[in-house]
1. Counting only Cα, what are the radius of gyration and maximum Cα-Cα distance Dmax of the stretch 58-114, in Å?
2. Please report Rg over Rh for the stretch 38-190, where both radii come from the alpha carbon positions and Rh follows the Kirkwood definition.
3. What does the accessible area per residue of the stretch 86-183 come to in Å², with a 1.4 Å probe and no ligands, DNA or RNA counted?
4. Note down the net charge around residue 69, summing +1 for each Lys or Arg and -1 for each Asp or Glu among other residues with Cβ under 14 Å from its Cβ.
5. Give me P(r) over the stretch 116-190, computed from all C-alpha to C-alpha distances, binned every 5 Å, as integer percentages.
Amino acid sequence: MPVVPIIKPLSLYLLNAEHAPVVGSWDYILHSNLLNVILALLFLAWVLGKLQIPQKLQQQRARAIEEIESIERQKQHAQSELQLAQERLRHLNEVVEQQLQQAQQTAESISAQIMHEAEQEAERLLNQAKQRIAQQERHAVKMLQSELLSQSIDLIRQQLSESLTESDHHQAIEAFTEELPVAVQLKSAS
């Protein structure tokens, strides 16, 4: 036999208030879903308390707050490091500029020194060349003088032998021997 619920839905009673059975408040609570809902809420509260869900939620919330604070600290630390890096970068740019200026000054100084040394070396080589030329010129003049003297003597000898008699020949030799020391002195003086 099917069980017939004793309590009809409340909406039916409100519509048919004159036909509603008179039931006491205890009976109404006992036979309604209200008791089931209250019991379910109490059971849920007991399970939550047993599983320590509020404490775990509180711990999870504390961990989340702690992580947020940690991230905030890391963010502040990263920002301060960024500022330091930017400052170093600005300082690095200044250092690089100074080093470039020093390098340019050093290069100009070395260039000037090399040019000065090259000019001195060129002047020294030019002076050496002039000295060698002068020396070779003096040597060539001496060689020409010697050659001319030798050829002149040969020519005179040939002319004398053709035109002079033996007595003229002896007189020319004596004159030549008298003039020879003077010619030798002239040759050694030049």
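The values are calculated or read from the model by the stated rules, or taken from the named source; none is laboratory data. Given the structure is predicted, the values throughout are model-derived calculations rather than measurements. With ideal geometry, Cβ positions are generated from the backbone for all residues, glycine too; neighbour counts draw on all protein chains shown. The accessibility values were calculated without ligands, DNA or RNA, using every heavy atom of the protein model including side chains. Shrake-Rupley method; radii C 1.70, N 1.55, O 1.52, S 1.80 Å.
1. When restricted to the Cα atoms of the stretch 58-114, Rg and Dmax are 24.1, 81 Å.
2. 2.00
3. Averaged over the residues of the stretch 86-183, the accessible area is 90 Å².
4. +1
5. Here the calculated profile for the stretch 116-190 is 3, 13, 13, 15, 11, 10, 7, 7, 5, 5, 4, 3, 2, 1, 0.
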